[in-house]
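Below is one structure, written out as structure tokens; the observations come after it.
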Amino acid sequence: MQKRRGATQAKVPAANSLRSIMTSTPFSRARDHLGDAQLVELYRQMMLIRRFEEKCQEMYTRAKIGGFLHLYVGEEATGVGAISNLQPQDHIFTHYRDHGHAIARGLNINELMAELFGKDTGTSHGMGGSMHFADITKNFWGGYAIVGSHLLLADGVALACQMQKTNGVVMVFFGDGATNGGEFYESLNFAQLWKLPVVFVCENNLYAMGTPIEVHSSVKEIYRKASAFDMKAMRIDGNDLLTVREQVAEAVEYARSGQGPVLVEAMTYRFRGHSAQDTQKYRSKEDVEQHRSNDPVLIFRKELIDAGVSSAADIDALDATIDEQVEAAVRFADESDVPGNEWLTDSGIYAAPLATATVDPDLV
Amino acid sequence: MPVLTVREALQQALHEAMADERTFIIGEDIGHYGSTYGVTAGFLEKYGPERIRDAPIAEAGIAGLAVGAAMAGMRPIAEIMSVNFSLLAFDMIINHAAKIYSMFGGKFSVPLVLRTTNGWTQLSATHSQSFDSMFAHIPGLKVVAPATPADMKGMFRAAMADPDPVIFIEHTLMYGVKGEVPEGDYIVPIGKSVLAREGRHITVVTYSRMVHLSLQAADILAKEGIEVEIVDLRTLRPLDMSVALESFKKTNRAVVVTEDWQSYGTSAEIATRLYEQGFDYLDAPIQRVNFREVPMPYAKNLEQQVVVTTERIVAAIKKVLNRS
Ligand SMILES: Cc1ncc(C[n+]2csc(CCOP(=O)(O)OP(=O)(O)O)c2C)c(N)n1
């Protein structure tokens, strides 16, 4: 891998600025700005999500993972691109389709796999499962499984950031289906009213479970829902990693500067069913195949190779490392202990259990 | 010791809470309007709009923003104007506030105090309810419903110091109730019941406004030579039955008085615990006095028949004593 331009050099305007404007693309601009190593890192995150989730599906089929399993496959560019703009002091909330966001934020995949296996070494000691990944050390406040609800919690953390003057921004992910319930509207109103530093990222994958957007929303362009609140909004191509990164960067900076929240609608598509149980009667195989030919991970992989950022052999080697890490995560999860019964007592339910127990110790 | 009303005691407690810079109050009409029941009157002028946050009429938002802020290190007080409106915030309270600590493996908690108020006064069906049992049903919540000005102050202090979500239930008909309140630092722990009156013939187990009605009933019965012992539970979750059971072992008879519907209500839990843990001491079936099980009517003559009155408590006590 040749080392081309560093980030510092990129900040200097090009000699022939007209030419550079005419020929520049999100890819070339990101390459100038980030450097090649960082581009490969973003690819690594997308591929790690992809391989991790393919393994999840396998482990689900083998009954190592229980409950609901909502895969993010096909939507990786949105999560990785958006989250790549965040600083350590920033915060993330997401919904039950949370694996991608967690990995993009750098959560440990051993702990994530252990959580899926219901083990004590999991991110939430096996108390949360697939829909509830969290890691407070990374300000990753969790996946929330009540559709639309976590937007209000995100507002609350943003309010704390504002009052504590931390300069932090809260990014909250949700689907198109989440934009029809009252909590969505309450959260937008509060955020705009109080100029809270929130970036609302709607991942519009065209379906709420199996209900197409034409059937579930009076307004088909979700970003326009922000106009009722005089809120800044944008609709972006959620399948192009570096477009997402560039456009969301603007939203993050806007929120951070104290001007208020932004609603970002990222157009994307989920390749798998809503959850592992979904038989997908609501869409045709052809439709899915067509979208699959637009695979954001493979597109970016090809871009890296075509532009000479990395060689095919180097990328293959990286993929192999990712596979080994995912295998190691499965071993870690397999070998970990299950959580203890203390989680069934007051000490598992309350940060400060009281002298009077609420859980009946004699319960049979 | 100074004598204060419940309202004044709460005001003291809230001012004390505001000494912590992490604390802010969020609710409807708490500032510009001057507070529905007068508790936060003058707070906006004193603390400013950053910390006294007049919120839109959006109960889920009020509770939800408070939950989020609490997770991120603030010590918010959320006010839901009336418990009837808390139904719109139940998702935030039950699915979030109560779950976050355990569901995320104990890594962070929700140090939130949510104040709300029960009550009725010819407000008809949607404005006269009590959901005590619905809150108290939920593992992960702590639920308190103090009866006296002193307990209001002391338990509010305990609630603010607690790292878990506490539902603090007040009563619209109690803000004017007076009582002695210790000055300065005064804390009454959550989860400890007390005797509100000593007696030896029968035990009344109750809480919140019903403590005062039970005391009136005891005064009436005292004239007939009946000595009523009254237990004020103060906390509904965790439910401390130790004082009630001690009393029951002495009197062998009990009446449970709660201002909510009987079926599946708080009195069902309280009576069951007396039966389960005090069965050997039981001399007569336990009686319960509660709201009649109808949506609250507006007409005064009908409303009076639905609510708990001193007369109904007296009658229930006599019934239990006569049976034995
Ligand atoms: C309040 C609520 N209602 C219903 C559900 C069941 N449910 C889970 S996900 C889902 C669809 C959500 O679709 P969308 O918001 O578009 O997100 P996506 O799953 O497509 O990412 C439904 C109906 C739920 N979890 N919560």
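The values are calculated or read from the model by the stated rules, or taken from the named source; none is laboratory data. Every value quoted in this text rests on a predicted model; they were computed, and no experiment measured them. Cβ sites come from the backbone with ideal geometry, for glycine too, and all protein chains shown count toward neighbours.
Under the condition of being basic (Lys, Arg) and away from the ligand (no atom under 14 Å from the Cβ), which residue from the range A:245-299 is farthest from A:His33 (Cα to Cα)? Give the derivation first.
Of the range A:245-299, the ones basic (Lys, Arg) are A:245, A:256, A:270, A:272, A:281, A:283, A:285, A:292.
Filter once more, keeping what is away from the ligand (no atom under 14 Å from the Cβ): A:245, A:256, A:281, A:285, A:292.
Working: A:Arg245: 12, A:Arg256: 20, A:Lys281: 44, A:Lys285: 39, A:Arg292: 30 Å.
Within the range A:245-299, the match that is farthest from A:His33 (Cα to Cα) is A:Lys281.
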Filtering the range A:266-302 down to residues that are surrounded by fewer than 20 Cβ atoms within 10 Å (Cβ to Cβ), assigned to a loop (DSSP other than H, G, I, E, B) and of a type in the set (Lys, Arg) yields A:Arg272, A:Lys281, A:Arg283
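A:Phe184: under 25 Å from A:Leu34 (Cα atoms) and within 14 Å of the ligand (Cβ to nearest atom), yes or no?
Criteria not met by A:Phe184.
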When the range A:147-166 is checked residue by residue, the ones that are within 16 Å of the ligand (Cβ to nearest atom) and either at the interface with chain B (Cβ under 7 Å from one of its Cβ atoms) or surrounded by fewer than 23 Cβ atoms within 10 Å (Cβ to Cβ) (or both) are A:Val147, A:Ser149, A:Leu152, A:Leu153, A:Ala154
Subject >> Filter pass, B:Ser35 being in contact with a strand residue (DSSP E or B) (Cβ under 9 Å, 6 or more places away or on another chain), free of Cβ contacts under 8 Å to residues at least 12 places away in the same chain, away from chain A (no Cβ under 14 Å) and of a type outside the set (D, E, K, R) >> reply: yes
Over the range B:53-90, the set of residues surrounded by fewer than 20 Cβ atoms within 10 Å (Cβ to Cβ) and facing another protein chain (nearest Cβ under 7 Å) is B:Pro56, B:Gly73
Next on the checklist: So, B:Ala97, is that one buried (at least 24 other Cβ atoms within 10 Å of the Cβ) and assigned by TED's automatic domain parsing to the domain that holds B:Phe24 or not?
Outcome noted: yes
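The rows are residues; the columns are (1) buried (at least 24 other Cβ atoms within 10 Å of the Cβ); (2) touching a helix residue (DSSP H, G or I) at 6+ places or on another chain (Cβ under 8 Å); (3) on the phi < 0 side of the Ramachandran plot.
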residue: B:Ser193; (1), (2), (3): no, yes, yes
residue: B:Ile202; (1), (2), (3): yes, yes, yes
residue: B:Asp219; (1), (2), (3): no, no, yes
residue: B:Glu229; (1), (2), (3): yes, yes, yes
residue: B:Asp232; (1), (2), (3): yes, yes, yes
residue: B:Leu239; (1), (2), (3): no, yes, yes
residue: B:Thr251; (1), (2), (3): no, no, yes
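Quick grid of which residues meet (1) within 16 Å of the ligand (Cβ to nearest atom); (2) more than 17 Å from the chain's Cα centre (by Cα); (3) assigned to a strand (DSSP E or B); (4) not polar (S, T, N, Q):
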{"position": "A:Gly81", "(1), (2), (3), (4)": "no, no, no, yes"}
{"position": "A:Ala102", "(1), (2), (3), (4)": "yes, no, no, yes"}
{"position": "A:Met113", "(1), (2), (3), (4)": "no, no, no, yes"}
{"position": "A:Lys119", "(1), (2), (3), (4)": "no, yes, no, yes"}
{"position": "A:Gly126", "(1), (2), (3), (4)": "no, yes, no, yes"}
In the set A:Ile213, A:Ile222, A:Ile305, the lone residue that is without any contact (Cβ under 8 Å) to a residue 60 or more places away in the chain, touching a helix residue (DSSP H, G or I) at 6+ places or on another chain (Cβ under 9 Å) and surrounded by 23 or more Cβ atoms within 10 Å (Cβ to Cβ) is A:Ile222
Here the residues within the range A:30-79 that are at negative phi, under 13 Å from the mean Cα position of the chain (by Cα) and not in a helix (DSSP H, G or I) are A:His70, A:Leu71, A:Tyr72, A:Val73, A:Glu75
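Conditions tested, residue by residue: (1) buried (at least 24 other Cβ atoms within 10 Å of the Cβ); (2) away from every other protein chain (no Cβ under 14 Å); (3) out of contact with any Lys or Arg (no Cβ under 8 Å at 6 or more places or on another chain); (4) of a type in the set (Lys, Arg).
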site: A:Thr23; (1), (2), (3), (4): no, yes, yes, no
site: A:Arg31; (1), (2), (3), (4): no, yes, no, yes
site: A:Gly35; (1), (2), (3), (4): no, yes, no, no
site: A:Ile103; (1), (2), (3), (4): yes, yes, yes, no
site: A:Asn110; (1), (2), (3), (4): no, yes, yes, no
site: A:Lys119; (1), (2), (3), (4): no, no, yes, yes
key: Condition check for A:Val199: within 16 Å of the ligand (Cβ to nearest atom) and either away from chain B (no Cβ under 14 Å) or assigned to a loop (DSSP other than H, G, I, E, B) (or both)   = no
Does the range A:130-146 contain at least one residue that is within 12 Å of the ligand (Cβ to nearest atom), surrounded by fewer than 24 Cβ atoms within 10 Å (Cβ to Cβ) and more than 18 Å from the chain's Cα centre (by Cα)?
no
Checked pairs for the range A:178-190, first in a loop (DSSP other than H, G, I, E, B), second modelled with pLDDT of 95 or more, C-beta under 9 Å and 6 or more apart or across chains, list as A:Asn180/A:Gly148; A:Asn180/A:Ala208; A:Asn180/A:His216; A:Asn180/A:Ser217; A:Asn180/A:Ser218; A:Gly181/A:Val147; A:Gly181/A:Gly148; A:Gly181/A:Ser149
Among B:Glu45, B:Glu50, the single one that is within 13 Å of another protein chain (Cβ to nearest Cβ), of a type in the set (Asp, Glu) and over 21 Å from the mean Cα position of the chain (by Cα) is B:Glu50
Expected single match for more than 14 Å from chain A (Cβ to nearest Cβ), under 19 Å from B:Gly154 (Cβ atoms) and of a type in the set (A, V, I, L, M, F, W, C) among B:Val194, B:Val211 is B:Val211
